[in-house]
Amino acid sequence: MKYQNIIFDLDSTLSSIEGIDELGKLRNMGNRIKRLTREAMSGRLPFGDVFIRRLELIRPTLAELLIIGKLYKNNLTPGAGKLIEWLVGQKTNIFVVTAGYTECSYALTDKLKIFRKNVFANKLIFDLNGEFMGVDKSICLWREGGKREIVSKIMDKHKGKTVCVGDGIGDWQAARAADGFIYFGGVAWRPEVAVKANTVIKERNLWKLKDYLE
């Protein structure tokens, strides 16, 4: 194996949907939210500003996040399960670093049998009725450069070569603290990000990563 640590993005990588865009659809503002997501993921708008703006527009409930969790599970990217199973067999350390939310991210990572201690995501704050109150800003993933901070902490604790796999500008930024970046464009094609990658995968199948990892 070339790498001892593999760090995956979640949306449009392990899952073939963007959770925040699906939340937008639930509130009949799908196109508006999708446009903001596209601008942020391509690096044309500051990620932190877009992150807060989308949440202010949607104000998702806890029940809605659980719906997104089910969508994540039902929309696994082809080859994701097979790849994770193979990586486990290779005794590779598997991590997920996402700007999504724990309440729905765990649904997918639990299905893939990725340890929760290896899953890093934002946490939203709800009242007793499950209504949105805000985001836990003590977790750095909501802001610009947050993913890179988490990747650096992972590498401090887990020695060995590390590669990041994702589709957004934040994943490339994070990978600058690692040993490589694989751009997965099988779900969302972002040429502004792909051009920065060491390796580009265009096929809509995560199993294709195996050739670049072993």
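Just so you know, all these numbers are worked out from the coordinates, no wet-lab data involved. These numbers come from a predicted model, not from an experiment. With ideal geometry, Cβ positions are generated from the backbone for all residues, glycine too; neighbour counts draw on all protein chains shown.
The table that follows gives values for the structure above.
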{"item": "Relative exposure of Thr37, Thr102, judged by other C-beta atoms within 10 Å (fewest first)", "result": "Thr102, Thr37"}
{"item": "Residue order, fewest to most beta carbons within 10 Å, for Asp136, Asp21, Asp167", "result": "Asp136, Asp21, Asp167"}
{"item": "Exposure proxy ranking, count of Cβ atoms within 10 Å, fewest first, for Ile6, Ile169, Ile139", "result": "Ile139, Ile169, Ile6"}
{"item": "Dipole magnitude (debye, nearest 20) for segment 1-41, charges at Cβ of Lys, Arg, Asp, Glu", "result": "160"}
{"item": "Separation in nanometres of the label points that stand 7 Å from Cα toward Cβ, at Leu57 and Lys91", "result": "4.8"}
{"item": "Built amide H within the under 5 Å cut-off of Phe120, gap 5+", "result": "Val96, Val97, Thr98"}
{"item": "Length added when fully stretched, Asp179-Cys140, from 0.36 nm per residue minus Cα-Cα", "result": "11.9 nm"}
{"item": "Residue-wise HN-Hα coupling along segment 196-208, computed from phi with Karplus coefficients 6.51, -1.76, 1.60 (Hz; x: Gly, Pro)", "result": "8, 7, 6, 9, 10, 10, 9, 5, 7, 7, 5, 4, 4"}
{"item": "Rounded Å value of the spacing that divides the Cα centres of segment 29-81 and segment 158-190", "result": "19"}
{"item": "Given [x] -0.67, -1.02; [y] -0.64, -1.12; [z] -0.38, -0.91, the label whose value is log10 I(q)/I(0) by the Debye sum over Cα atoms at q = 0.10, 0.15 Å⁻¹ derived from this model", "result": "[z]"}
{"item": "Residues of segment 1-28 with amide N under 12 Å of a point placed 7 Å along Cα→Cβ from Lys34", "result": "18, 21-26"}
{"item": "Additional length obtainable on full extension of the chain from Lys113 to Lys70, 0.36 nm per residue less Cα span", "result": "13.9 nm"}
{"item": "Proximal aspartates and glutamates to Lys70, defined as alpha-carbon separation beneath 20 angstrom and excluding residues fewer than eight positions away on the same chain", "result": "Asp9, Asp11, Glu18, Asp21, Glu22, Glu103, Asp110, Glu131"}
{"item": "Set of segment 45-70 residues, backbone N closer than 14 Å to the point 7 Å along the Cα-Cβ line of Glu131", "result": "59-63"}
{"item": "Burial ranking of peptide ranges 72-78, 128-134 (average Cβ count within 10 Å, highest at the top)", "result": "72-78, 128-134"}
